[in-house]
1. Please give the length that would be gained between residue 237 and residue 32 if that part of the chain were fully extended, namely 0.36 nm times their separation in residues minus their C-alpha to C-alpha distance (nm, one decimal).
2. Tell me, what is the 1.4 Å probe accessible area of residue 196, in Å² to the nearest 10?
3. On a full-extension model of 0.36 nm per residue, what is the gain between residue 65 and residue 273, subtracting their alpha-carbon distance, rounded to one decimal in nm?
4. Report, to the nearest 10°, how far helix 156-165 tilts away from the longest principal axis of the Cα atoms in the chain, using its own Cα long axis and a range of 0 to 90°.
5. When only Cα pairs under 8 Å and 6 or more residues apart are kept, what is the percent relative contact order across the range 33-259?
6. Could you look at the range 306-401 and say what percent of its accessible area is carbon and sulfur, using a 1.4 Å probe and all protein chains?
7. Leaving out ligands and nucleic acids, and using a 1.4 Å probe, what accessible area per residue does the chain come to in Å²?
8. Gap in Å between the Cα centre of the range 76-96 and the Cα centre of the range 114-182?
Amino acid sequence: MLIESQLESLAIFSHAPAFREGLHVGRPNIGRRERFLERVNDMFDRRWLTNNGPYTQELEQRIADLIGVKHCVAMCNATVALEIAIRATGLTGEVIVPSFTFIATAHALQWQEITPVFCDIDSKTHNLNPHQVEKMITPRTTGIIGVHLWGRPCDVEQLSEIAHHHNLTLMFDAAHAFGCSYKGQMIGNFGDAEVFSFHATKFFNTFEGGAVVTNDDELAEKMRLMKNFGFSGYDTVTYIGTNGKMSEVSAAMGLTSLESLPEFIDTNYRNYKQYQRELEDVPGVHLVIYDESEKFNYQYVILEVDELTAQLSRNQLQKVLIAENILARRYFYPGCHRMEPYRSYFPHAGLLLANTEHLAKRVLSLPTGTSVGSKEISVICSIIRLAVRYATEVREQLQQR
Ligand SMILES: *Cc1c(COP(=O)(O)O)cnc(C)c1O
């Protein structure tokens, strides 16, 4: 495109990149390493490395307390946690999910030969649109999995009502929403179960890890067996199970990360407010806004680029940032329905996903977390500002010709 070559030829974008080392989205938040190493030493002394060890039990208890939920079942990652929760709740046939999410939400269903039925989102909240959800229900539908995207809660009330009315299981992929609340109650208490991810890129990490939380005693017990091959005693297997266990070294990391949670939130919040301040008057770019009256982790700084106003597209802006070594990401482009195998299974899914398709072209995730400082954010914001200003000037010059 003409404007792209023009942008790249501008002096400001042809000097050495603004950052010598890549500024990545999702660099891990790391707590106090000496606390972690102490725990690892104790772990070696105990020689208890996995299989529901003391750290795993302690982590489950602390998370359950933090969230005010009855059961936390820690697992090796959120994808397996989703799969186990899907099996334990007995989902089959079709399950309604958003397409605007990380691919694991859909894969966790398809892996078990359950059809993910992609439902459109609300373009303001980026979450499932309950009216659309209702339209996607068929006689084969057994459940709904909402995703609290960027940590912002789904419309839990309406989704619960729909699930209740149609006798469907309701779960939430809460991979982004650890430490967040909905109407004053912590995420983790809604639907039949909620699933957290503790992957290294997430707000709270255990290297790799995840958990299902639920207030359902029977469901929790079932998942505890399922994540350990279905063993209910040394020589007794009760269910088909898998290996979904969390290791002790992960739990040690989790306990250490938990101790630093307030610092992670403070840093994320400070970063988010700075981005908000410094991008406020840049035409055509808007930060996704969070409800500050709720508990929130501010782990995602999400920019929406309105091409008509900014005079450059999200993809063009991403190119400019990457040239400066700012590795902004297009989460969750192009949407699950445009990735395999779903693209081949449902080639026309996009027809019912207008908001998903629209948003997937506009959204850019910017670097934040404890590895990103205020100076860096200032530079990122001024590059965005410059890119928009130059794009506007180039456009004006072209129009005058
Ligand atoms: C990260 C993520 C997952 C998968 O988590 P893992 O712990 O990496 O398996 C699932 N859903 C969403 C929305 C995610 O962002």
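The values are calculated or read from the model by the stated rules, or taken from the named source; none is laboratory data. Predicted, not measured: the structure shown is a model, and the values here were computed from it. A quick note on method: Cβ atoms are made from the backbone with ideal geometry, for glycine too, and the neighbour counts reach across all protein chains shown. These area figures cover heavy atoms from the full protein model, side chains too; ligands, DNA and RNA do not enter into them. Shrake-Rupley method; radii C 1.70, N 1.55, O 1.52, S 1.80 Å.
1. On the way: separation 205, 0.36 × 205 = 73.80 nm, distance 4.01 nm.
Full extension of this stretch gives 69.8 nm more.
2. The accessible area of residue 196 comes to roughly 0 Å².
3. Details: separation 208, 0.36 × 208 = 74.88 nm, distance 2.92 nm.
The span from residue 65 to residue 273 would gain 72.0 nm if fully extended.
4. Its long axis makes an angle of about 50 degrees.
5. 27
6. Working: 2430 of 4750 Å².
Heavy-atom surface of the range 306-401 belonging to carbon and sulfur, 1.4 Å probe: 51 percent.
7. Working: 18330 Å² over 401 residues.
For the chain, the solvent-accessible area averages 46 Å² per residue.
8. Using only Cα atoms, the two centres lie 14 Å from each other.
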